[in-house]
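Written out below as structure tokens is the structure these notes cover.
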Amino acid sequence: MKQKPFLLAAEGLNKSFDGFKAINDLNFYLTEGELRTVIGPNGAGKTTFLDIITGRTRPDSGNLEWDTDHDLLKLNEYEIYRMGIGRKFQTPTVFSDHTVIENLLLSMAGPRSIWHSLFGRVTAAQKERLAEILETIKLNTQAYRKAGELAHGQKQWLEIGMLLAQEARLLLVDEPAAGMTDEETYRTGELLLSLAGKHTIMVIEHDMEFVRQISQGRTVTVLHQGHVLAEGPVEKVQSDERVIEVYLGRKSKAA
Ligand code: ADP
Ligand code: MG
């Protein structure tokens, strides 16, 4: 079998907006099963990088390989989604008028068969998978509630559940803790930790306490001006002078 060292490999990526380099010679590698946190000040290019991975934005140059032999830059957004790359946006994008279960079913079926997923028969295998996901995202007791009635944190977990239902191999999660209570943030961390290993996860986050919670013994990447400024264990990155200067420097100490 061919060796597959990286699930995702970005090399020499560049993207300018009106002459401004949002992504600047970016090299970034993810191994299968990894839970990677990406931090960096506002405007560092974090969201743009996710836009490039998901095919929403085209880079000006560079390479982006998936699972060794797929060139993501040749695929459109839908094809990338079908490769198993799922994205959770910062604000929840659940279907408010549908129940939690229906939202999960809609993701399971994929975007093509909405009618079938809502009104068709649910197979035994699907039921089992649904129960498993509800358990994972701790929404068992909310299964028949309308998604619009859920608390903010619960909506975010449902969205993570939707990525699981779509069988994403790579979960791209942009600022999950934004707007959450401390309790919700902590539980989100627990959820992501429980998924690590089974899925590959890239989390973009600002909340340093949350970053420490999910990054123990793992690699943290610091983006700055569209480039990797530092990468390594969370304690090392947090005590890196350059990181403190550009990212944490606004606070009196490294949070
Ligand atoms: P981050 O998510 O790290 O805060 P972004 O990737 O959103 O950073 O933005 C990086 C830079 O690129 C910012 O200066 C932003 O204004 C700029 N940018 C992002 N998307 C666009 C766009 N579609 N058009 C113009 N400028 C953009
Ligand atoms: Mg952003």
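Highest average first, the peptides 198-210, 14-26 ordered by how many other beta carbon atoms sit within 10 Å of their residues are 198-210, 14-26.
The residues Tyr186, Tyr247, Tyr78, sorted by heavy-atom accessible surface at 1.4 Å with ligands and nucleic acids left out, run Tyr186, Tyr78, Tyr247 from largest to smallest.
Using a probe of 1.4 angstrom, how much of the accessible area of segment 138-255 is carbon and sulfur, in percent? Write out the running numbers ahead of the final one.
Values: 2590 of 5400 Å².
Using a 1.4 Å probe with all protein chains present, segment 138-255 comes out at 48 percent carbon and sulfur.
Close amide-amide hydrogen proximity is noted between Arg87 and Leu172, each under 5 Å apart and 5 or more residues distant or on a separate chain (H modeled in the peptide plane; Pro and chain starts excluded). Shape summary: segment 12-150 maps onto an equivalent ellipsoid whose semi-axes, from the alpha-carbon gyration tensor, are 34, 17, 15 Å in decreasing order. With θ set to phi - 60°, apply the Karplus curve 6.51 cos²θ - 1.76 cosθ + 1.60 along segment 130-135 and write out the HN-Hα couplings as whole Hz, x wherever there is a Gly or Pro. These are the phi-based 3J(HN,Hα) values: 4, 4, 5, 5, 4, 5 Hz. By DSSP, the beta bridges lying fully in the chain are antiparallel in about 55 percent of cases.
Please give the per residue accessible area of the chain, computed with a probe of 1.4 Å over protein heavy atoms only, in Å².
Numbers: 12640 Å² over 255 residues.
With the other protein chains kept in place, the chain gives 50 Å² per residue.
Here the Kirkwood formula, the inverse mean of 1/r across different C-alpha pairs, assigns the chain a hydrodynamic radius of 19.0 Å.
Determine the calculated [θ] at 222 nm for the chain from helices alone, applying -39500 (n - 2.57) to every DSSP H run no shorter than 4 residues and normalising by the residue count; nearest 500 deg cm²/dmol. It comes out at -9500 deg cm²/dmol, rounded to the nearest 500.
The aspartates and glutamates within cross-link reach of Lys146, meaning a Cα-to-Cα straight distance under 15 Å and a gap of 8 or more places when in the same chain, are Asp97, Glu102, Glu159.
Please compute the volume of the convex hull spanned by the alpha-carbon atoms of segment 119-255 and report it per residue in Å³.
Details: hull volume 18.1 nm³, N = 137.
That works out to 132 Å³ per residue.
The calculated FRET efficiency for Lys127 paired with Arg218, based on their beta-carbon distance and R0 = 30 Å, is about 0.35.
The values are calculated or read from the model by the stated rules, or taken from the named source; none is laboratory data. Model, not experiment: these values are computed from the prediction. When we count neighbours, we look across all protein chains shown, and the Cβ atoms used for this are built from the backbone with ideal geometry, even at glycine. The protein model used for the area step is the full one, side chains on, heavy atoms only, and it has no ligands, DNA or RNA in it. Shrake-Rupley method; radii C 1.70, N 1.55, O 1.52, S 1.80 Å.
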